[in-house]
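First up is the structure itself, then whatever we jot down about it.
The values are calculated or read from the model by the stated rules, or taken from the named source; none is laboratory data. Predicted, not measured: the structure shown is a model, and the values here were computed from it. Cβ coordinates were reconstructed from backbone atoms using ideal geometry, including for glycine residues, and neighbour counts include every protein chain displayed. Accessible surface areas use protein heavy atoms only, side chains included; no ligands, DNA or RNA. Shrake-Rupley method; radii C 1.70, N 1.55, O 1.52, S 1.80 Å.
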Amino acid sequence: MTAFALMASIVGSLLLFSQPSFAQDLGMSALKLTTNPDGSQEYSVTLQILIFMTALSFIPAAVIMMTSFTRIVVVMAILRQAFGLQQTPSNQVIIGLTLFMTLFIMTPVYNKINEDAIQPYLAEQLTSVEAIDKAKVPLRAFMLEQTRIKDLNTLASMAGIESVDKPTDLPMTVIIPSFVISELKTAFQIGFILFIPFLIIDLVVASILMAMGMMMLSPMIVSLPFKLMLFVLVDGWNLVIGTIATSYGMGS
């Protein structure tokens, strides 16, 4: 409740201070929304800093939901489950590897955002609003490239959008959940393929133990070394990481 109240107060402050008349009445010239000669609007530096600091709380959600993070971390979790291990690799290792893989895969998108939005904004060639609009273009293109049409149509129908000329005309509120759903489906498909060899080993070991009358011995204990040996012999980490990166068009 405290966090909600804090967020509500920040949003309310932004709405109030963004009105020029309110800012002028209070003598707060630093907190205002300026209209440029070309009709565009620009927030004052103080408001930009306030908005940026508020947006920091949403950065983790953006990293998870708008990048390749979701697919990678789900695949890694399924792979650990297929091994039959609960804490190896640890959550810290999985999250760390996922973050660096996400950085690797998203580098072309970031370079495009930096070239089209960040650098022109720092050079004062674009306003903050224009920079945000420019930054959304490559990120939206990345998400649409990985999103299934069926998922887009489902979310658009739920949002009451009958038809659009092209997918890029859809709002981000439709594109982002569609992207996440598609990422989860792809991650489950990759996880299914990874699970099959380990499942076969479990079935073979369980059948052998049953035939030998060793029903009290857990098949998981016996099959684990064979799973690890198989994974190492086929260079499993290289295959898994390579498959995930290739699924995003890296190296193609």
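Ile181 meets all of the listed conditions (1) in contact with a helix residue (DSSP H, G or I) (Cβ under 6 Å, 6 or more places away or on another chain); (2) closer than 24 Å to Thr98 by Cβ; (3) touching a residue at least 40 places away in the same chain (Cβ under 8 Å) but one, namely (3). Counted as qualifying within the range 42-100 are the helices (runs of 4 or more DSSP H) with 3 or more residues that are open to solvent by 30 Å² or more (accessible area, probe 1.4 Å) and either within 21 Å of Leu184 (Cα to Cα) or at pLDDT 75 or above (or both), namely 59-65, 69-83. Scanning the range 122-160 for residues that are under 18 Å from Leu184 (Cα atoms) and either open to solvent by 60 Å² or more (accessible area, probe 1.4 Å) or of a type in the set (Gly, Ala, Ser) (or both) yields Glu145, Arg148, Ile149, Lys150, Asn153, Thr154. Which numbered condition in (1) within 19 Å of the chain's Cα centre (by Cα); (2) without any contact (Cβ under 8 Å) to a residue 12 or more places away in the chain is the only one that Gln119 fails? In the conditions (1) within 19 Å of the chain's Cα centre (by Cα); (2) without any contact (Cβ under 8 Å) to a residue 12 or more places away in the chain, Gln119 misses (1) alone.
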